[in-house]
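Here the structure is laid out as structure tokens; the discussion comes afterwards.
Just so it is clear, none of the values below were taken in a lab; they were calculated from the coordinates. What you are looking at is a predicted structure, and each value in this text was computed from that prediction instead of being measured. Glycine also receives a Cβ, built like all others from the backbone with ideal geometry; neighbour counts cover every protein chain displayed.
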Amino acid sequence: MAPKTTSGPGRAQRKGRSEGRATAKAVAPGTGGVGRYTPPEQSGRYTRPIPKEIRRSARWFGASILFLMIFGVLMILLNYLTVLPGSVSIWYLVAGLVVIFVAFMMATRYR
């Protein structure tokens, strides 16, 4: 039977044995020496919120989303009713789906 050692495999210490910190804890200026918290304004990581009047979409944006949705559905519908030239074509279906997809992507950016 192998003798018991004070350390685990490699350099790992056995559970429950603590030697303490090797270096002193860094303290951020202005925090009073408690913890590691630094206010965002001091650390330079603060970003001001965007004002509401800037975050609004243009008036034409919502109308163009609706137009693209309706246009895509009409293109698919008219293709199956054989109203569009070229009889029933898969390209009308693909174009209609692409137009609807573009409208959905625009809708995710609408504010």
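Could you check region 39-111 for helices (runs of 4 or more DSSP H) lying wholly inside it with 1 or more residues that are among the polar types (S, T, N, Q) and exposed (fewer than 10 other Cβ atoms within 10 Å of the Cβ)?
Once the helices (runs of 4 or more DSSP H) in region 39-111 are filtered for at least 1 residues that are among the polar types (S, T, N, Q) and exposed (fewer than 10 other Cβ atoms within 10 Å of the Cβ), what remains is 90-108.
Pull out all pairs, ordered by first then second residue, where Cβ-Cβ is under 6 Å, the residues are six or more apart or on different chains, the first lies in region 81-92 and is under 17 Å from F71 (Cβ atoms), and the second is surrounded by 11 or more Cβ atoms within 10 Å (Cβ to Cβ) and polar (S, T, N, Q).
Y92/N79
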